[in-house]
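Report on the structure given below.
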Amino acid sequence: MLYLCTSLPENLKCEQEALMPFEYVDYSTCVVHGYIHARNHLMQNYTVEEVNMDKLAIRFECKEFKTENT
């Protein structure tokens, strides 16, 4: 999951921006790809001016989902 966060002192908040439907073999791979997806999401959806003005950052998390077979 990717969360778009603002770091303005008067408006600190994070909102869910996207659910990335990817499956990874391990946590390390998920984390590395999380950084890549976060970078790409910021660059494709926001201008440098928007990132600077709103102090935007992406927070992400890797979650394990259990299935019937695991």
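The values are calculated or read from the model by the stated rules, or taken from the named source; none is laboratory data. What you see is a predicted model, and the numbers here were worked out from it, not measured in a lab. So basically every Cβ, Gly included, is an ideal-geometry build from the backbone, and we count neighbours across all protein chains shown. We work out accessible area using only protein heavy atoms, side chains counted, and drop any ligands, DNA or RNA first. Shrake-Rupley method; radii C 1.70, N 1.55, O 1.52, S 1.80 Å.
Quick one: is GLU49 exposed (fewer than 10 other Cβ atoms within 10 Å of the Cβ) and assigned to a helix (DSSP H, G or I)? Working first, answer last.
Numbers: exposed (fewer than 10 other Cβ atoms within 10 Å of the Cβ): yes; assigned to a helix (DSSP H, G or I): yes.
So GLU49 passes the test.
Answer yes or no as to whether GLU15 is on the phi < 0 side of the Ramachandran plot, open to solvent by 60 Å² or more (accessible area, probe 1.4 Å) and in contact with a strand residue (DSSP E or B) (Cβ under 8 Å, 6 or more places away or on another chain). Break it down into steps so the answer makes sense when it comes.
Values: on the phi < 0 side of the Ramachandran plot: yes; open to solvent by 60 Å² or more (accessible area, probe 1.4 Å): yes; in contact with a strand residue (DSSP E or B) (Cβ under 8 Å, 6 or more places away or on another chain): yes.
Yes; evaluated as a whole, the condition is true for this residue.
Consider LEU8 against the criteria (1) in contact (Cβ under 8 Å) with a residue 24 or more places away in the chain; (2) within 16 Å of the chain's Cα centre (by Cα): it satisfies all of them except one. Which criterion is unmet?
So the condition that LEU8 fails would be (2).
Look at VAL31 and say whether it is modelled with pLDDT of 95 or more and among the aliphatic types (A, V, I, L, M). Break it down stepwise before answering.
Numbers: modelled with pLDDT of 95 or more: no; among the aliphatic types (A, V, I, L, M): yes.
It is false that VAL31 is modelled with pLDDT of 95 or more and among the aliphatic types (A, V, I, L, M).
I'm told MET20 meets every condition in (1) of a type in the set (A, V, I, L, M, F, W, C); (2) open to solvent by 50 Å² or more (accessible area, probe 1.4 Å); (3) not in a loop (DSSP other than H, G, I, E, B) except one. Can you identify the failing condition by its number?
All conditions pass for MET20, except number (3).
Name the residue that is farthest from LYS63 (Cα to Cα), counting only residues in the stretch 1-12 that are surrounded by 14 or more Cβ atoms within 10 Å (Cβ to Cβ) and not polar (S, T, N, Q).
CYS5
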